[in-house]
Amino acid sequence: MKISFYDKLNNHNIQLANMLYRGIENPSVSQLVLLPFSLNGSNSLKYALAKDDEGNLKGYCIIIESQSNLFPFIKTAKIQFGPICEKSEIEIILLSKIYSYYKDLKFAKIEIQLRHVAGQESENIFNSLSRTFSFYHKYNKNNRCTIHIQLSRTLEEIQGDFSSVLSKNIRSAINKNVKVQLSLSNEEFKEFALLYTKMGNKRGAIHYTETYLFDLCRFLITSKNGFLLCSFVDKKMIGGGLFVDQGEKTEYLIGATDPDYKKIPSSHLVLYEAIKFAKKEGKKIFDLGGIGYYAETNDQIHNINQFKETFSKNHVFYAKLMYVDMRPFYLYTLKILSFLKNRWS
């Protein structure tokens, strides 16, 4: 197996990576080549490709490299829900090589989030990797938890998990003439991005710029990797949700609602229609996009948790985040200096 690293992929390798991505049951959009990434000046992407002797792509990984603004020589790397490989054996080979690559480059740390849910497969990968390099886990909010709805069931069975409040809100939205439809135009992508910003300003939390969200919507829809469902009242957009297709799974990625119409439960109807759409498309799982399992009751994330749990309480944990410290002294120094900087400021 030959492992190669690239700052940028050529068209041939992009095609190979996309073919492999589409052949995996549960890939993550975080590992989708050509996806618009929200990067700043201190971040960059690296691509690791694993090919056999005949040049066939057997696995790849998108890695986010970062450097400290305080001390640029302190560099870290992060893998989000990767690698994408045909077999777990190839994942082990690829991750071992990635470790060696960054150790030689004197990176301080790697964080690795596998794409697998917690279970025997991820434990086998952990056990094999522990023979090659040291890592540890933390039991905190960074360990991902989500909610899965099994779409192989009938719609009546799925609705049986809905809380009474959710069912009432869906009926209320329908009675208030909320219409939900696929959004396919640049104008609607822009309107959805503006709505997200309006909501974020009201809540005091914005994670994406309007430009980035517009680009993300356009990429996912035009590349047929996702869909945008928006809600309307009298032809005015009052909410919506961006959903991504990941193999046999559809995942809720980003939602927005107009704070001026908060009394209309349009987001409930959008998600309900998304579940029906994903089921019609033959998907096996609808992923509600993660919950903050360890969120405090006074946290906005706690309110989002409660909203998502009205659809189902089928919590699914992913493999625990792996922390690989390769330069502990660098990390300790950065921690101390960051503390002092925050205190002085």
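Numbers at a glance
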{"quantity": "For segment 276-287, 3J(HN,Hα) per residue [Karplus equation, 6.51 cos²θ - 1.76 cosθ + 1.60, θ = phi - 60°, Hz, x = Gly/Pro]", "calculated": "5, 5, 5, 5, 5, 7, x, 6, 9, 9, 10, 9"}
{"quantity": "Cα gyration tensor category, rounded, prolate or oblate, for segment 1-142 with a/c compared to 1.5", "calculated": "rounded"}
{"quantity": "Charge tally in the Cβ shell below 9 Å around GLU251, where Lys, Arg are +1 and Asp, Glu are -1, GLU251 excluded", "calculated": "-1"}
{"quantity": "5 Å-binned pair-distance histogram of segment 146-317 (Cα, whole percent)", "calculated": "1, 9, 17, 21, 23, 17, 9, 2, 0"}
{"quantity": "The chain - mean residue ellipticity at 222 nm from DSSP helices (-39,500 (n - 2.57) per run, n ≥ 4, rounded to 500)", "calculated": "-11500 deg cm²/dmol"}
{"quantity": "Distance from segment 188-232 to segment 302-319 (C-alpha centre basis), Å", "calculated": "22 Å"}
{"quantity": "Inter-part distance where segment 33-70 and segment 154-177 are each reduced to a Cα centre, Å", "calculated": "42 Å"}
{"quantity": "Distance between modelled label sites at ASN10 and SER42, nm, 7 Å Cα→Cβ extension", "calculated": "3.5 nm"}
{"quantity": "Partner aspartates and glutamates for LYS224 [C-alpha distance under 19 Å; skip if fewer than 8 residues away on the same chain]", "calculated": "GLU25, GLU187, GLU188, ASP215, ASP245, GLU248, GLU251, GLU273, GLU281, ASP287"}
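Coordinate-derived values only; no laboratory data. Predicted model only: the values in this text are computed from it and were never measured. Note that each Cβ is placed from the backbone with ideal geometry, even for glycine, and that neighbours are counted across all protein chains shown.
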